[in-house]
1. If you take the residues of segment 339-364 that are buried (at least 20 other Cβ atoms within 10 Å of the Cβ) and under 13 Å from residue 259 (Cβ atoms), which of them is modelled with the lowest pLDDT?
2. I'd like the residue in segment 218-245 that is aliphatic (A, V, I, L, M) and part of a helix (DSSP H, G or I) and, out of all such residues, is farthest from residue 261 (Cα to Cα).
3. Tell me yes or no: at least one residue of segment 251-273 is of a type in the set (A, V, I, L, M, F, W, C) and loosely packed, with under 14 Cβ neighbours inside 10 Å.
4. Of the numbered conditions (1) farther than 18 Å from residue 44 by Cβ; (2) in contact with a Pro (Cβ under 7 Å, 6 or more places away or on another chain), residue 87 satisfies every one except a single condition; which is it?
5. Within segment 19-44, can you find the residues that are touching a residue at least 12 places away in the same chain (Cβ under 8 Å) and of a type in the set (Phe, Trp, Tyr)?
6. Among all residue pairs at least 6 apart or on different chains, which show Cβ distances below 7 Å where the first residue, located in segment 260-284, is closer than 11 Å to residue 239 by Cα and the second is at pLDDT 85 or above and assigned to a helix (DSSP H, G or I)?
7. How many residues, within segment 77-119, are of a type in the set (A, V, I, L, M, F, W, C) and in a loop (DSSP other than H, G, I, E, B)?
8. Residues of segment 259-291 being in a strand (DSSP E or B) and either at pLDDT 95 or above or among the aliphatic types (A, V, I, L, M) (or both), which ones?
Amino acid sequence: MNSNHDFSFQELKSKKEFDLERFFSITPDILCIASPEGILKKINPSFANSLGYSIEELLDTSVSSYIHPDDRKLTSKLRHEISRNIPMINFDNRYITKGGETIWLSWTSVYEPEDELIYAVAKNVTQIKELEEKRNSLLIELTRLNTELKQFAYTTSHDLRSPIDNIISLFGLMNFPKIEDKQTLKYIEVFYTSVLNLKQTLNKHIETLNTEKKINIDLQKLNLNNTLNIVKESISESIKNSKAKLLVDFSEVPSITFSSFYLQSIFLNLLSNAIKYSDIERKPIISITSKKVNGKTQIIFADNGIGFDMDKVKGDIFKLHETFHNHSDSKGIGLFLVKSHLESLGGSIEVASKINVGTTFTLTFKE
């Protein structure tokens, strides 16, 4: 029993051929049929549009004519392998368009022995390749900058050791019993302690820089008050001379797991900056607190210093060698190190500031 929806075999075959032809024409993928020698026998509009030619211009021409010269030899070799029933899967090569641009196509091709034809489908992956090239360029530049920074740090640390050793030797030549003024002896003691701490820090830097293999950062549970006290001792004279008032409260989070070396460096740079950029019109007040936010530890450094214009600074404040005040001691390294230390261990830093009001740094640590 036949109905209006019944098709004869010939009609069904014609409909399938029509559907395949329509699919061949409208699909955004690149489709082509070629001889084993690479002569284009049938292509779809996507192929023609990608190369900038008409279908008529491309038919019965060699595909090698459009392949980038540097990719022709390898493509020809793989095409011969396809002819021996070795499928080609996800092979990328370059093509020169009619307008002279270079595009990347990723091919999957198979050979049909009965028809002696190669059936191929491709996707335009030019954008992906361009992104990969940019990423690789950035990695190369980052490696170069990292090497230069390491060399600079090594040279600086190494060259400073000799004068520091000379200073320490001079202390050994001093006749302390002849110094009767107690205040002078106290200053000498503070100076000597600072020089020893500086030498120890330089030695740590050199030891780290001399490690050719990947650095294993030693993580340990650190008491925040103890770490801050070590830093305060190393710059005690700066704190005293600035008459800075420190408001410290680590009661909510008294300790964190972090690198001792990194945390001391972070505290030193932020505390030193707060003192360095204090307002001469008022005594520096520096607040250092810890808290838990969404399960993560935060340490907040807030001061009442000169501040800066956030609209002008934007995201440059943590860049290497960026300075925003005419301070003779500004080198644009401290905040770069703070951010680098935090991010290397999965943390982050945010800043808020207003001119003549102060600056707040919020450090978030990875748990």
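1. Among those that are buried (at least 20 other Cβ atoms within 10 Å of the Cβ) and under 13 Å from residue 259 (Cβ atoms), it is 341.
2. 239
3. Among the residues of segment 251-273, not one is of a type in the set (A, V, I, L, M, F, W, C) and loosely packed, with under 14 Cβ neighbours inside 10 Å, which makes the answer no.
4. (2)
5. Once the filter is applied, which keeps residues that are touching a residue at least 12 places away in the same chain (Cβ under 8 Å) and of a type in the set (Phe, Trp, Tyr), segment 19-44 yields only 24.
6. 271/231; 275/239; 275/242; 284/242; 284/274; 284/275
7. 1
8. Hits for segment 259-291 are 285, 286, 287, 288, 289, 290, 291.
The values are calculated or read from the model by the stated rules, or taken from the named source; none is laboratory data. No experiment lies behind these values; they were computed from the predicted model shown. A quick note on method: Cβ atoms are made from the backbone with ideal geometry, for glycine too, and the neighbour counts reach across all protein chains shown.
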